[in-house]
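**Student:** Pasting a structure below so you can have a look.
Values quoted throughout were computed directly from the atomic coordinates according to the rules given, and no laboratory measurement underlies them. As the structure is a prediction and not an experimental result, all values here were calculated from the model. So basically every Cβ, Gly included, is an ideal-geometry build from the backbone, and we count neighbours across all protein chains shown.
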Amino acid sequence: MNHPRDEGVIKFKLTLKRAPAPEMNQVIALEKWRALFFKLGLVGEYPTEKIGYGNLSSRLQKNIFIITGSQTGHLPHLQAHHYTKVIDCDLKKGVVTAEGLIPPSSESLTHFGIYEANPLIQHVFHVHHPLLWKKMMEGNFDSVDEELTYGTIEMAQATQNLISGKTSGVFVMKGHDDGIISYGANADEAGKNLLDLYRKLAERQ
């Protein structure tokens, strides 16, 4: 695990071009799931450190996607200006170019890696839950090695390799405290992957 808590810091080189916020109709599906995840504690803010966690994205075309802005986890509901459009990434150099009013999530490189791995994947949801994370660590789930920390080139590349050939699934980030990622061909598929896991955990408590 990472101590002190390694969250929310952008680890890639970012170019943010000031531009109008995405259209609200482009973020409705994301906001529907994010609002639910916030209620369940899968998106939020660590109270002691005041650091937000959880980010959701939706592909627009090829490797262009809309993603929740950095450090918006504490907000129960987001408006369109809380989302940012990532228009280009260089995975080898760790460079992200985005358009919007706020910086994109610090996990943007990982989202990009997933989209680049399979053109059929349209949504990526990254949430946190300590108990679910622990259960997944102990179970037979896809995982990224514990040496890899969030938001890095190495994490994005490992994620790409992990999901190669898959269009839907969920995996645990062993080196990122509480971190879990789901992906799917649409928002409901990505969301239900997580919701099913959450419900199974609740049934066992």
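**Student:** Would you please name the trypsin sites (Lys or Arg not before Pro) within region 1-110 that are DSSP coil residues with at most 13 other C-beta atoms within 10 Å of their C-beta?
**Tutor:** 50, 62, 92, 93
**Student:** Across the chain, how large is the tail of the calculated P(r) beyond 26 Å, expressed as a percent of all Cα pairs?
**Tutor:** 24 percent
**Student:** Dipole of region 69-205 (Lys/Arg Cβ +1, Asp/Glu Cβ -1, origin at the Cα centre): which of 104, 158, 172 lies farthest to the positive side?
**Tutor:** 172
**Student:** Report the full-extension gain for the segment residue 79 to residue 60: residue separation times 0.36 nm, less the Cα-Cα distance, to one decimal in nm.
**Tutor:** 5.0 nm
**Student:** Also, quick follow-up: Quick one: if you stick a label point 7 Å off each Cα along the C-beta vector at residue 200 and residue 16, how many nm between them?
**Tutor:** Placing both labels 7 Å along Cα→Cβ, they lie 3.8 nm apart.
**Student:** Further question on the same structure: With Cβ to Cβ distances under 15 Å as the rule, what net charge do the other residues near residue 166 carry (K, R +1; D, E -1)?
**Tutor:** -3
**Student:** Further question: Give a residue-ordered list of calculated ³J(HN,Hα) values for region 64-69 (Karplus: 6.51 cos²θ - 1.76 cosθ + 1.60, θ = phi - 60°; whole Hz; x for Gly, Pro).
**Tutor:** 9, 8, 9, 9, 4, x
**Student:** Additional query: Quick one: net charge of residue 67's neighbours, Cβ under 14 Å, K/R +1, D/E -1?
**Tutor:** So the surrounding residues net to -1.
**Student:** Compute the length gained on full extension between residue 23 and residue 131: take 0.36 nm times their separation in residues and subtract their Cα-Cα distance, giving the result in nm to one decimal.
**Tutor:** 35.3 nm
**Student:** Counting other C-beta atoms within 10 Å, and keeping those with at most 12, which DSSP coil GluC sites (Glu not before Pro) do you find in region 107-191?
**Tutor:** When the GluC sites (Glu not before Pro) of region 107-191 are filtered for loop state and at most 12 Cβ neighbours within 10 Å, 147 remain.
**Student:** Per-residue HN-Hα couplings for region 139-149, Karplus 6.51 cos²θ - 1.76 cosθ + 1.60 at θ = phi - 60°, whole Hz, x for Gly and Pro?
**Tutor:** With the stated coefficients, region 139-149 comes to x, 9, 10, 4, 8, 9, 4, 5, 6, 9, 9 Hz.
**Student:** Let me make sure I get this right: for region 109-205, a, b and c are the square roots of the gyration tensor eigenvalues over alpha carbons, sorted descending. Under 1.5 in a/c it's rounded, otherwise prolate if a/b > b/c, else oblate. Which is it?
**Tutor:** oblate
**Student:** Here's a follow-up. Semi-axes, largest first, in whole Å: what does sqrt of 5 times each Cα gyration tensor eigenvalue give for region 24-81?
**Tutor:** Semi-axis lengths for region 24-81 are 21, 12, 9 Å.
**Student:** Under 5 Å between amide H atoms, partner at least 5 residues away or on a different chain: which partners does residue 99 have, H built in plane at 1.01 Å?
**Tutor:** Amide H neighbours of residue 99: 17, 85, 86, 87.
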